[in-house]
Amino acid sequence: MRVRNPFPSLLISTEHVPVSGAIFPERPDTQRGPGTQRTLITKRTLITKRVRSSWPRNALAAFWSLAFLILLGCQQPTASPPTNPLDAIPTVEVAEAETREIVQHREFTGRTEAIETVEIRARVSGYLLQSPRSEAGLGEGYLPKADDSLPNVVVEEGQLVEKGDLLFLIDPRPYQLALRQSEGSLDAAEARLKQANQNLTRSDELLQKNATSRAEYDQAVAAVAELSGQIENLKATIQRNVLDLEFTRVDSPIDGLLGRTIVTEGNLVIADTTILTTVVSIDPIFVDFSVDEQSLLDYRARIRQGEVKSARDSQISIRLGLANESGFPHQGTIDFVDNRTDPSTGNTMIRGVFENSSGILSPGLFARIEAPFTRAYEAVLVPTVAIAMDQQGRYVMVVGDDNKAVRRSVMLGEKVDDTTVVKNGVRPGEWVIVSGLQKVRSGVQVEFESEDESLLSSGDAD
């Protein structure tokens, strides 16, 4: 029987100790010469020999039993298995499935567009004296005025302007001189006409007395007619000069938002060619959006069935939301439906008009459009947060009369604000779990944090 050392901390010399006897095996001592045989024992052999020689067999068994009991007592107590958190009754929040009259909508994308967009061009040629940029912090005296009596531009870039506001001023002095020249020519022509009329009167008297020839009389008549024509021509020239002088004032033709100044003071502008700036109207504002072919055909089928009305025959309300807005806070109506479908895209352009007194809408913005596609009908709605999804599909957890959660697969419809239409799977008045879904499984009893806990516990769901 081999016995292990019961005193592992005991230091025993590892030097080889010669012993003799048949109990211990002998091996040759490699440190001595050949033929010399000595028996060596190691530390473990020495201890084993001492134990065997000094301890009785019964005492040895008692020792090992005691050691086993000591080791057993030193072991850590076995921890009790943790309780399953699903065994505790979870606390959840619930909401009632409600019935509401809704209209099914579809969403489209589009762009805002100004109802009126005007490129401001000069109608006469000349050098600019004033522009909206001269009022944008450049200071007084940026460019001397030709005359102190000239009007001043008081609007700035990016401001709302009204119809008739002065935007640019072209040097009017050449056109003032042309007007004065035409007026002088008219005065001279009128004086000559007066003289020609007097000559015609005398010629007529002489012709009555046969004191002049018929030819001289006809010349007097022709002179009067010629001068009358010249006078009419000069009057038209004066009217043109007056218009040119007025056109040196570049006024806003519409109410709207003024764009950036393209041509500044001191530059030459060419009549009907040079674009000075742009003005766009902002209230109301158009929104152009495209409707796909399938949606268009579906809507026309509903029109034939009498479910909905045509946008060409009635006013249909639509809603708009910008890229940074949730939902569709802006209300408008359909204003125009194009008469053809784009063959390259299969889309039909529809235009809506929206009130924009706040100015939040501006031309060129991306817009989301929500348009009605059905007549009003009764639908069951549940909070969107109550809807979950697993490998079997969409579902909600419904609380039964016994306060036990039951999984219900649902078929969903459109979203209405923070709720979603449930086409089947939930009945009106049933209670669905909206908070704590991760703690609930089908068949588990739940507790409620809502004020309707007593109502649910009594089994009354109305």
Leu297 free of Cβ contacts under 8 Å to residues at least 40 places away in the same chain and either hydroxyl-bearing (Ser, Thr, Tyr) or open to solvent by less than 50 Å² (accessible area, probe 1.4 Å) (or both): no
Checklist (1) open to solvent by less than 60 Å² (accessible area, probe 1.4 Å); (2) at pLDDT 85 or above; (3) among the hydrophobic types (A, V, I, L, M, F, W, C) applied to Ala225, failing item: (1)
Where a residue in the range 144-158 is on the phi > 0 side of the Ramachandran plot and assigned to a loop (DSSP other than H, G, I, E, B) and its partner, wherever it lies, is modelled with pLDDT of 80 or more and open to solvent by 70 Å² or more (accessible area, probe 1.4 Å), with Cβ under 9 Å and at least six apart: Gly158/Arg260
Counted residues, the range 311-336 - those being open to solvent by 20 Å² or more (accessible area, probe 1.4 Å) and either free of Cβ contacts under 8 Å to residues at least 40 places away in the same chain or in a strand (DSSP E or B) (or both): 17
Residues satisfying the stated conditions in the range 159-187, i.e. assigned to a helix (DSSP H, G or I) and surrounded by 13 or more Cβ atoms within 10 Å (Cβ to Cβ): Arg173, Pro174, Tyr175, Gln176, Ala178, Leu179, Gln181, Ser182, Glu183, Ser185, Leu186
The range 87-112 - residue that is within 16 Å of Ala386 (Cβ to Cβ) and hydrophobic (A, V, I, L, M, F, W, C) and, of those, modelled with the lowest pLDDT: Val92
Pairs where the first residue, in the range 185-202, is at pLDDT below 85 and the second is not in a helix (DSSP H, G or I), C-beta under 9 Å, 6+ apart: Arg202/Thr212
Residues satisfying the stated conditions in the range 252-269, i.e. surrounded by 15 or more Cβ atoms within 10 Å (Cβ to Cβ) and either part of a strand (DSSP E or B) or touching a Ser or Thr at 6+ places or on another chain (Cβ under 8 Å) (or both): Ile254, Asp255, Gly256, Leu257, Leu258, Gly259, Thr261, Ile262, Val263, Thr264, Glu265, Val269
Qualifying residue in the range 203-216 (condition: of a type in the set (Val, Ile, Thr) and either surrounded by fewer than 15 Cβ atoms within 10 Å (Cβ to Cβ) or closer than 20 Å to Leu167 by Cβ (or both)): no
Candidate set from the range 228-247 (those that are closer than 18 Å to Leu193 by Cα and charged (D, E, K, R)); member that is least open to solvent (accessible area, probe 1.4 Å): Lys235
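The values are calculated or read from the model by the stated rules, or taken from the named source; none is laboratory data. Every value quoted in this text rests on a predicted model; they were computed, and no experiment measured them. Note: ideal-geometry Cβ built from the backbone for every residue, glycine included; neighbour counts use all protein chains shown. All accessible areas refer to the heavy atoms of the entire protein, side chains included, with ligands and DNA or RNA removed. Shrake-Rupley method; radii C 1.70, N 1.55, O 1.52, S 1.80 Å.
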